[in-house]
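> Next up is a structure, given as structure tokens.
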Amino acid sequence: MSEGRIESSPEVAVRPVFLVDKPVFAFYASYIRRILVGLTGSANASALVSHPATDLQAILCPAVESFVHPALQLPIFWNQNRKLLLSQLYRFKPTVLHTFYPGQIRLAHWLSDQLDVPYVVSCHQRPSRRICFEKSMSHAAALIAPSEPIAAGLTAKCPKLKSRTERIHIASFVADECCCFSREPGVTSLIAVHPFDSFELFESFLNAVRHLVLEGHEIMVALMGEGKAEKAIRTHIRKLGLTSIVTVIPPIRPIRKILSGADIYVHLSDNRRFDAQLLEAMAVGLAVVGSPEQTSGLLYEDRTAMCWDPTDQMNIYDRLKKVLSARERTRQLALNGQAHLRKYNSVSGMVDRLMQTYIEAQQWHKQTLKTEKDAPVPQPVQ
């Protein structure tokens, strides 16, 4: 894809259709809604294809058309569901399909062939092994990565697609105010949002919290998540005598209002997926402390975050103590994070880059069809 700006015009119709499965909705509902809202004034029309269990009120805006897939939720109706969706999209007349890896990429490939339109694929995670659905990936008009680490991982796994790999940052609306230490001096609030899939991940952090409380630091901690380790985490909280300090809560969406009530965001680990909760925490102005982050491209030591060694409990304790004690420095980290997002993760910039990618995808598709049409037909061997 070229780096030059391509302006949308009345001659270039842009009618994207987004294919969103349940995992993508769970992690990135706010992000997709921002795309849909932003495209309202740019694209000719937009549509969303989602699972029947999706809460569309959290993602749709009035100008966006919606389709349900699968409409009939039994495996025996697999073929009928595809044909029903295809007939609905024929009437909508999309110009480009946008799906999210690995979710609906095979469906996007099939629909692309049937509708004769290109499709683009957003990849929100670093590939850890040979990338799945390689054939479908190779037919995509563009691969969209939200950060440099993810883009590098994709081009390493799919070097032939390097020229079609775009880096478009996931965007958020940055708050005018900074939440970190914005209230009257008193109890400091920390929040960690992470799946409860590993007790060891929380153990060292909770032990460090206990030491800080014993030293007289006034703090409140919220752990948001769910998973197999929840019982062990709750038991450890009781064992440490932290039941009045640490609260365990299930995932709540939208999460932005919950985050805005805290001062510090605790980043427990990098799970190789773009961390949408981290992005929202930085947008509302929380200082970030925790494990180094090598996927989202948002955390820079002593600039936008204070990082610790997750294997060293004393280092975790030391870093937490520093962010609690050096309040001005900690608040500056939060302000730096907001400035970083304003520069690189603006909603208007994201929508402009997506529009450019959609138009280039349509042009790439037309050129590919022309090249295939003009290619000489192999002659039979005499």
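> For Gln332 and Glu203, what is the calculated FRET efficiency with R₀ set at 51 Å and r taken between the beta-carbons, to the nearest 0.05?
Given R0 = 51 Å and the Cβ-Cβ separation, E is 0.95.
> Something else: Rank-order 251-261, 282-292, 91-101 by packing density, defined as the average count of other C-beta atoms within 10 Å over each peptide's residues, highest first.
Details: 251-261: 15.1, 282-292: 24.6, 91-101: 21.6.
For the peptides 251-261, 282-292, 91-101, the packing ranking is 282-292, 91-101, 251-261.
> Further question: Can you check what the net charge comes to around Pro292, using other residues whose Cβ is under 10 Å from the Cβ of Pro292 (Lys, Arg +1; Asp, Glu -1)?
Working: positive: none; negative: Asp270, Glu293, Glu301, Asp309.
Combined, the nearby Lys, Arg, Asp and Glu give -4.
> Quickly rank 236-243, 105-112, 223-230 as a protection proxy: mean count of other C-beta atoms within 10 Å, highest first. List each step's numbers first, then the result.
On the way: 236-243: 14.8, 105-112: 20.6, 223-230: 17.1.
Packing proxy ranking, top to bottom: 105-112, 223-230, 236-243.
> Once the piece of chain linking Gln114 and Lys162 is laid out straight, how much longer is it, given 0.36 nm per residue of separation minus the C-alpha distance between them?
On the way: separation 48, 0.36 × 48 = 17.28 nm, distance 2.61 nm.
So the extension gain works out to 14.7 nm.
> Roughly how many Å² of Arg210 are accessible to a 1.4 Å probe, to the nearest 10?
Near enough 90 Å² of accessible area.
> Could you name the lysines whose alpha carbon sits less than 19 Å from that of Lys157, not counting residues in the same chain fewer than 8 places away?
Lys135
> Is there a quick way to get the dipole size of the chain? I mean about its Cα centre, with the Cβ of Lys and Arg at +1 and of Asp and Glu at -1; what is the value in debye to the nearest 20? Provide the component values of the computation, followed by the final result.
Values: 44 positive and 36 negative charges, 150 e Å.
Here the chain has a charge dipole of around 720 debye.
> Counting Lys and Arg as +1 and Asp and Glu as -1, each charge on the Cβ, what is the dipole of the range 84-201 about the Cα centre in debye, to the nearest 20? Don't skip to the end; give the middle numbers.
Details: 13 positive and 10 negative charges, 148 e Å.
Result for the range 84-201 is approximately 700 debye, rounded to the nearest 20.
> Considering every Cα-Cα pair within the range 198-353, what fraction, in whole percent, is farther apart than 27 Å? Write out the running numbers ahead of the final one.
Values: 2502 of 12090 pairs.
Percentage above 27 Å: 21.
> For Asn44 and Lys366, calculate 0.36 nm times their separation in residues minus their Cα-Cα distance, and state this gained length in nm to one decimal. Could the numbers behind the result be given before it?
Values: separation 322, 0.36 × 322 = 115.92 nm, distance 1.93 nm.
Roughly 114.0 nm would be gained on extension.
> Quick one: net charge of Leu278's neighbours, Cβ under 12 Å, K/R +1, D/E -1? It would help to have the intermediate numbers written out before the result.
Numbers: positive: Arg273; negative: Asp270, Asp275, Glu280, Glu293.
Residues close to Leu278 contribute a combined charge of -3.
> When all protein chains stay in place, what accessible area (Å², nearest 10, 1.4 Å probe) is found for Met314?
130 Å²
> Net charge around Ala47, counting only other residues with Cβ within less than 11 Å of its Cβ (Lys, Arg = +1; Asp, Glu = -1)? Provide the component values of the computation, followed by the final result.
Details: positive: Arg15, Arg91, Lys93; negative: Glu65.
So the environment of Ala47 carries a net charge of +2.
> Here is a follow-up. Specify the inter-centroid distance of the range 51-87 and the range 277-328, based on alpha-carbon positions, in whole Å.
40 Å
> Also: What do you get when you divide the Cα radius of gyration of the range 59-163 by 2.2 N^0.38 Å, with N the number of residues? If you can, show how the numbers build up before the last one.
On the way: Rg = 15.1 Å, N = 105, 2.2 N^0.38 = 12.9 Å.
Taking N as the residue count of the range 59-163, the ratio is 1.17.
> Against the longest principal axis of the chain, how steep is helix 105-115, in degrees 0 to 90 to the nearest 10, with axes from Cα atoms?
The angle comes out near 30 degrees.
> Report the dimensions of the chain along its three principal axes from the alpha-carbon atoms, largest first, rounded to Å.
87, 48, 47
> Please calculate how many Å² of accessible area the range 223-318 carries per residue, with a 1.4 Å probe and no DNA, RNA or ligand atoms counted. Before the final figure, lay out each step's value.
Details: 4170 Å² over 96 residues.
Per residue, the range 223-318 has an accessible area of 43 Å².
The values are calculated or read from the model by the stated rules, or taken from the named source; none is laboratory data. Note that this is a predicted model, so its numbers are computed, not measured. We place every Cβ from the backbone using ideal geometry, glycine too, and count neighbours over all the protein chains shown. Accessible surface areas use protein heavy atoms only, side chains included; no ligands, DNA or RNA. Shrake-Rupley method; radii C 1.70, N 1.55, O 1.52, S 1.80 Å.
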